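The values are calculated or read from the model by the stated rules, or taken from the named source; none is laboratory data. Predicted model only: the values in this text are computed from it and were never measured. Methodologically, a virtual Cβ is constructed for each residue, glycine included, from the backbone with ideal geometry; neighbour enumeration extends over all protein chains shown. To get the accessible areas, we keep the full protein, side chains included, count just its heavy atoms, and leave off ligands, DNA and RNA. Shrake-Rupley method; radii C 1.70, N 1.55, O 1.52, S 1.80 Å.
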Amino acid sequence: MATLILQSVGATIGSLFGPIGSAIGSAIGSAAGYAIDNAVINSTKHIEGARLSGARPMTAEEGSPIIRVYGYAKVTGTVIWATQLEEERTTSRQGAKGGPKVTSYTYFGNFAVGLCEGTIGGIKRIWADGKELDLTDISYRLYTGAEDQEPDPLIEAKQGADKVPCYRGLAYIVFERLPVDQFGNRLPQIQVEVIRPVGRLESSIQAISIIPGATEHGIDPTPVQAKRGNTTIELNRHQLYGASDWHASVDELQAVCPNLQHVSLVLAWYGNDLRASSCQIRPGVISKVSNQESRNWSVSDQTRNAQNVHLISSDENGNANYGGTPNDQSVLDAIADLKRRGLNVTLNPFVLMDIPAGNMLPDPYGYDSQSAHPWRGRITCIPAPQQPNTIDKTAAITAEINSFVGNSQPGSLNDFKYRRMILHYAQLSVQAGGVDTIIIGSELIGLTTLRDHQNQFPFVQALKSLAADVRQIVGPNCKIIYGADWSEYFGYHPTDGSNDVFFHLDPLWSDPNIAAVAIDNYMPLSDWRDMDADTGNVNPDDALWRSDIAAFKAAIAGKEGFDWYYASSQARENRLAAPISPMVPTINLGCSDIKI
């Protein structure tokens, strides 16, 4: 209507200027009238989006078999309960003021999917129509199929109290308001990765170490992001079924090991030299540029770009050789999460040697340079024992040991030596509300076997002093241990031809601050060799095949290292086993020698 009126008005006014003016006035009036008409019409126009005419959920056939899972399996689920799809209506106006109203419809599914016979340990990934779901974006509940599981509250709310089966003995998942628009507004086909531990080993595991201890944010339960150019990346989430890699890993750990009780957190700092007097022990990072981390890295008051932070060495491709030291806040949060799960916690401060290939560092063992990324057990004096001009068995060895352990005290962490690392984590454990155990070192055999001129072992005394300081920090309820190398369990046998035997760790293990005689156990469980299957050799462990469990058990209680040993590599090659004769020590009581 406005178009016709304004067109006529425009033509009349334009005619005052002749025929051309009339035409121009008519066109202007027509355009203005069209705009008014369009605004009026659109303001009352209502556009309806696509809508289901009948929302019928996917159903399941009667008599579908119940799957039984062993280990890990990807299972196709069967719908055992569903409601009509929920419809959510949204109306908005398009464009500028006066645009048409548009109503759109979104649909959500409430349904339960049966998986397999219970009881299962847990699940990992879920696929819908073949596409993996991000489980942090959806609402679901897992029922493991226990014989005492209760009805799902959503099903009970929809069906009514006392009208819902518990599905005991059946593992199933309930999805609540799952958006189904991407699945064609229907319930998708659900597949689930199920974990059901069935072996004897899994149910027997009660304690485990969580590694790698070389990770800046890897043990952080909180997702951490950083910038890479204009892109935001997740530093500690590389899967879709947990809020962080920590949650995904520990969830799976508890699912696989249902009787787990104790977890050891390995926390790496980095040594830079095999020479005890020159070695620094520092927290490390893979980059001194933060890249706008959502959670700043900090360890023992050191930030990422601090002068004393160790920059991890890189390989020939520019990749870091280690992953860095766990951020202190992530350690605190990991301890808190483990406690919430009902697990005991051990803190295991750990020395990794970041000595790159091609270094020109003098080697204690007489080589041209130190080996790349060596074992921490090779830290020693220079020259090492049995090398020419060694200071082992001299008074000078004490100064070497003191230089390695440093001067840090519980109230003053003032250098980057060994004591600072241990005391820092003792203080962090208190900040976390306490832990069950703290380890003050492990496998430092190159240091524990160094002697002074009186055949005393100064590093063992340094560990005793460190244990006393840690006890002062952590209080009486935290266990303190030192994890010796397995080869030290029978004492120190120097290869200097003296035939001396020293039970050098006994003063530490008998110290009142030390809770246990502890060793990192890598002793052989069997002397089975592949050729035994062909030749029918009778090996010293009486093993009949490579996985002879009875022989393994017997070897743990005796055999190599207890009943017999190989005196040399040649003897091992030729299987020349020598019997171990019990040592009979004597104690001089001043009146006679009494054998015990």
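So the values come out like this:
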read-out	value
Alpha carbon centroid spacing (whole Å) that separates region 115-192 from region 230-302	33 Å
Under 5 Å, built H, 5+ apart or other chain: amide partners of TRP81	ALA112
Mean accessible surface per residue for the chain, computed with a 1.4 Å probe while every protein chain stays in place, in Å²	51 Å²
Extended-chain gain in nm, criterion 0.36 nm per residue less alpha-carbon gap, TYR72 and ASN455	132.3 nm
Antiparallel bridges, percent of DSSP beta bridges restricted to region 183-306 (to nearest 5)	65 percent
Whole-angstrom gap from region 426-500 to region 304-337, using each part's C-alpha centre	25 Å
√(5λ) per eigenvalue of the Cα gyration tensor, the chain, largest first, Å	69, 36, 22
Coil-residue GluC sites (Glu not before Pro) of region 91-197, DSSP, other Cβ within 10 Å capped at 11	GLU147
Theoretical gain in end-to-end length, SER568 to GLU156 [0.36 nm per residue, Cα-Cα removed]	141.1 nm
Counting DSSP beta bridges with both ends in the chain, the antiparallel % (nearest 5)	65 percent
Two-site FRET efficiency, HIS238 against SER203, from Cβ-Cβ distance with R₀ of 30 Å, rounded to 0.05	0.55
Relative contact order, percent, region 163-268 [alpha-carbon distance under 8 Å, six or more residues apart]	31 percent
Relative packing of peptides 516-525, 462-471, 484-493 - highest average C-beta neighbours within 10 Å first	462-471, 484-493, 516-525
Those trypsin sites (Lys or Arg not before Pro) in region 513-558 that DSSP places in a loop and that have at most 16 other beta carbons within 10 Å	ARG529, ARG546
Stokes-Einstein translational diffusion, region 164-309 - Kirkwood Rh over all Cα pairs, 0.890 mPa s, 25 °C, in µm²/s	125 µm²/s
Qualifying chymotrypsin sites (Phe, Trp or Tyr not before Pro) in region 398-452, DSSP loop, other Cβ atoms within 10 Å at most 11	none
Accessible carbon and sulfur surface of region 447-541 relative to its total accessible area, %, 1.4 Å	51 percent
Relative contact order (percent, whole number), region 257-411, Cα cutoff 8 Å, 6+ residue spacing	29 percent
R0 of 45 Å, Cβ-Cβ distance LYS393-ARG341: FRET efficiency to nearest 0.05	0.35
Relative contact order %, the chain, counting alpha carbon pairs below 8 Å whose residues are six or more apart	8 percent
Carbon plus sulfur fraction of accessible area for region 151-269, probe 1.4 Å, in percent	49 percent
Gained length - THR136 relative to VAL102, 0.36 nm times residue gap less alpha-carbon distance	9.2 nm
FRET E, pair ARG575, ALA516, Förster distance 35 Å, beta-carbon r, rounded to 0.05	0.50
